[in-house]
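Student: What follows is a structure written as structure tokens; I'll ask about it next.
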Amino acid sequence: MTTTSMIQPKFLSKGDQLGVVAVGFSGGQCKPGVDAAPSALISSGLLTQLHTELGYNLHHDDTVHSYKDLIPSSDPDVRGMKNPLAVSAVTRKICEQVYTHAKEGRCVLTLGGDHSIAIGTIAGTAKAIKERLGREMAVIWVDAHCDINTPETSGSGNVHGMPVAFLSGLAKEDREDVFGWIKEENQISLSKLVYIGLRDVDRGEKIILRENGIKAFSMHDIDRHGIGKVMEMALGHIGNDTPIHLSFDVDALDPLWAPSTGTPVRGGLTLREGDFIAECVHETGCLVAMDLVEVNPTLDPGINDLGAQETVRAGCSLVRCALGESLL
Ligand SMILES: [Mn+2]
């Protein structure tokens, strides 16, 4: 039994209009299968639940986009980045898709895909919010990793470890076909970025976090203060009158709850802590967009697909909580 708390949204034209973008893309990292997540989430009933239980009017083209026509046959590394042309072209297209919903004042839900797709989703929301409201939005990035490597600090060259660097302007490219399309209107300010759940941060990234004074709550902070206090501090940092884009990497959850993901790290959030983060963001009334990424139903360390089913279920729960499901 579920009910909606029906929070009045502050920055949307109508609170019950939800744009949905389903992104079957895995090119920001090396493991195949994360592109199968949107279909798995949708066939487990997520969109139906959002409509029938939470009352959303969905704007969805009933397509899981694979962007095949945008993937070049040859895509050599640029500054060590893998698949630079493909990831740039696909995220540019996602930016347009998300922007189209957001400029109508809809909340936008994007189902990934690997976390590189947030280059597109955040670039699209940021631009729409600047145009509609004349202001900058905040980003809450829930993840085991901080995904803020520049091409030069990255050890792997996988772009899913770099989205925040490109979105904040820390990493730049002049080539229009390699993220040069990201303009100031698409960018976010590092002072309005908050991390929650970090526990696997690269050396170079730690320096970036420190030098830029970026607000970050690691698992250590959650252990020390509890998730309730951490959310209070995280939302306090953002301020209570700021549009929020929530980018939720399922690997923020402990592998006990979400084993089917490309880069699992032990010692993570419980499912309840993850749901609680999403519930708190919903309660602000400031949510303007959410990404759910890195569910990989083909990576299953469990028995008989149980791990994959659990991960998909956890992902659905996070989305429902962010969009208004409450326990009572
Ligand atoms: Mn991530």
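Student: Roughly how many Å² is the accessible area per residue of the range 116-183, as a whole number, for a 1.4 Å probe?
Tutor: About 28 Å² of surface per residue is accessible.
Student: Which one, Pro297, Leu46, Met219, projects farthest toward the positive side of the charge dipole computed for the chain from Cβ point charges (K/R +1, D/E -1)?
Tutor: Met219
Student: How large is ³J(HN,Hα), in whole Hz, for each residue of the range 20-25 in order, when computed from phi with the Karplus curve 6.51 cos²θ - 1.76 cosθ + 1.60 and θ = phi - 60°, using x for Gly and Pro?
Tutor: 10, 10, 9, 10, x, 10
Student: Please report, as a whole percent, how much of the solvent-accessible surface of the range 213-328 comes from carbon and sulfur atoms (probe radius 1.4 Å).
Tutor: Ligands and nucleic acids excluded, carbon and sulfur reach 54 percent.
Student: A further question on this structure: So how far, in whole Å, is the C-alpha centre of the range 277-316 from the one of the range 38-80?
Tutor: Cα centres, the range 277-316 to the range 38-80: 14 Å.
Student: Dipole size in debye (nearest 20) for the chain around its Cα centre, Lys and Arg Cβ +1, Asp and Glu Cβ -1?
Tutor: Approximately 560 debye in magnitude.
Student: Could you give me the ³J(HN,Hα) list for the range 134-151, computed from phi with Karplus coefficients 6.51, -1.76, 1.60 and θ = phi - 60°, whole Hz, x at Gly and Pro?
Tutor: x, 8, 8, 9, 9, 10, 9, 10, 9, 5, 6, 10, 9, 6, 10, 5, 8, x
Student: Just how large is the dipole of the range 208-299 about the Cα centre, in debye to the nearest 20, putting +1 at every Lys and Arg Cβ and -1 at every Asp and Glu Cβ?
Tutor: 220 debye
Student: Through the Karplus equation 6.51 cos²θ - 1.76 cosθ + 1.60, θ set to phi - 60°, convert the phi angles of the range 317-328 into ³J(HN,Hα) values in whole Hz; use x for Gly and Pro.
Tutor: With coefficients 6.51, -1.76 and 1.60, one gets 5, 4, 5, 4, 5, 5, 9, x, 5, 10, 6, 10 Hz.
Student: GNM on the chain, C-alpha springs below 10 Å: top fluctuator among Arg272, Arg313, Arg175?
Tutor: Of the options given, Arg175 has the highest mean-square fluctuation.
Student: Within the accessible area of the range 1-153, what % is carbon and sulfur when the probe is 1.4 Å and the other protein chains stay in place?
Tutor: 51 percent
Student: What is the ratio of the Cα radius of gyration of the chain to 2.2 N^0.38 Å, where N is its residue count, to two decimals?
Tutor: Scaled against compact globular proteins, the figure is 0.89.
Student: Please list, ordered by chain and number, the residues whose modelled amide H lies under 5 Å from the amide H of Phe25; skip anything fewer than 5 residues away on the same chain.
Tutor: Residues meeting the amide H criterion: Gly113, Asp114.
Student: Go ahead and estimate [θ] at 222 nm for the chain from helices alone: -39,500 (n - 2.57) per DSSP H run with n ≥ 4, summed, over the residue count, rounded to 500.
Tutor: Here the helix-only value at 222 nm equals -10500 deg cm²/dmol.
The values are calculated or read from the model by the stated rules, or taken from the named source; none is laboratory data. Only a predicted model underlies this, so the values are computations on that prediction, with no experimental measurement involved. Here the Cβ is made from the backbone with ideal geometry for all residues, glycine too, and neighbour counts use every protein chain on show. These area figures cover heavy atoms from the full protein model, side chains too; ligands, DNA and RNA do not enter into them. Shrake-Rupley method; radii C 1.70, N 1.55, O 1.52, S 1.80 Å.
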